[in-house]
Amino acid sequence: MFNFGKTFIVLMASGLFLAACSGQKSAAEVRITVKEFGVESSVTSFEVGVPYHFVVTNAGMIDHEFMIMPPVMEDQMGMAMDMRQMDNTALAMIPAEDLTPGATRSFDFTFTEAASAGNLEFACHTPGHYEANMRLPIKVE
């Protein structure tokens with residue numbers, strides 16, 4: 001005779017054990033919208049070591065880029081730092097040619113202690129956009 005109750009308990013325990021052993025966390029989704037001239041995000045406080053899935057949509061009428069990076073200092077305004085240096089400073093980015101009007105792009109990213117704890121920002125560094133306030137401060141703890 002089949003004992004449904006014991007079989008169900010064994011299957012449930014096995015599933016819980018496998019889930020606990022996998023060690024994988026599902027990524028928290030972060031929805032970001034860029035447009036002339038601003039950045040909006042569903043999340044602005046992040047935790048080191050937590051995986052995030054960023055979904056970035058260009059709701060504007062012109063190309064925008066998206067970068068996660070330290071804030072640009074006053075003396076760096078006016079593009080004293082060239083775009084190659086900006087790209088190298090960014091922790092993650094979507095270039096403008098990939099974020100045309102109406103486009104949505106996504107990527108996964110996990111903030112690490114050494115590289116990204118503290119004050120950062122989401123920003124567009126297409127010439128003139130950052131200066132037009134196309135940035136959003138974020139906090140990583």
Practice prompt. With respect to PHE107, determine if the residue is open to solvent by less than 10 Å² (accessible area, probe 1.4 Å), at pLDDT 95 or above, among the hydrophobic types (A, V, I, L, M, F, W, C) and not in a loop (DSSP other than H, G, I, E, B).
Written response: no
Of the conditions (1) at pLDDT 80 or above; (2) open to solvent by 60 Å² or more (accessible area, probe 1.4 Å); (3) more than 21 Å from LYS139 (Cα to Cα), the single one that THR100 does not satisfy is (2)
The condition of being at pLDDT 85 or above, open to solvent by 20 Å² or more (accessible area, probe 1.4 Å), assigned to a strand (DSSP E or B) and closer than 16 Å to ARG135 by Cα holds, among GLU29, GLU40, only for GLU40
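The values are calculated or read from the model by the stated rules, or taken from the named source; none is laboratory data. For clarity, every value in this text was computed on a predicted model and none was experimentally measured. We work out accessible area using only protein heavy atoms, side chains counted, and drop any ligands, DNA or RNA first. Shrake-Rupley method; radii C 1.70, N 1.55, O 1.52, S 1.80 Å.
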